[in-house]
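Step one of this worksheet: look at the structure below.
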Amino acid sequence: MEIKSHGAWQRYTHEKLPYGAPANAMFSRRAGDGIDWYDYVNAGKNFAEGTIKMTVVDGRVAAATSDPTMLFPAGATVLEVHDVAAADPQGLFGGRVYDGKTFRDPPPAPKAPDPLGDLLKRIEILESKQP
């Protein structure tokens, strides 16, 4: 598996909306060189066919797809994974931890508190102390 980084992206506001863009259009640019996301994707040369494209936020895969136009990378790093075939890229990569080199499953979620169970245990202890 080869992983290519397309850099970190941030949201920004156009000084003048491009022709035909709706008033509520959102824009993202790459932090390193300021290239606009739509220009980058529509150039047709920045992503390879048959690869998985994804956004990574705070070390976790947020969105994974084979179609880069389905991503909006503001506040994320964009990665492209080569040599992996998946009918469901989101199912394969979504939520996984990316450490800069590999993907792994996230640690298990902490056990949710059980207030009713705790209360029942306390009542049982109190009842066992009665004469």
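Between the helical axis of 115-128 and the longest alpha-carbon principal axis of the chain there is an angle of about 10 degrees. Listed by chain and number, the lysines whose C-alpha is less than 22 Å from the C-alpha of LYS129, apart from same-chain residues fewer than 8 away, are LYS121. Relative contact order for the chain: 25 percent, from Cα pairs under 8 Å spaced at least 6 residues apart, divided by residue count.
With contributions of -39500 (n - 2.57) from each DSSP H run of at least four residues, the per-residue ellipticity at 222 nm computed over the chain stands at -5000 deg cm²/dmol. Please enumerate, by chain and number, the lysines with C-alpha under 18 Å from the C-alpha of LYS45, excluding those fewer than 8 residues away in the same chain. Once the sequence-local lysines are set aside, what remains near LYS45 is LYS4, LYS53. In this structure the amide hydrogen of ARG60, modeled in the peptide plane, comes within under 5 Å of the amide hydrogens of TYR98, none closer than 5 places in sequence on its chain. The protection proxy used here, the mean number of other Cβ atoms lying within 10 Å of each residue, ranks peptides 68-80, 112-124, 90-102 as follows, highest first: 68-80, 90-102, 112-124.
Values in this text are rule-based calculations from the coordinates and carry no lab data. Keep in mind that what you see is a predicted model, and the values were worked out from it rather than measured. Cβ atoms come from the backbone with ideal geometry, glycine included; neighbour counts cover every protein chain shown.
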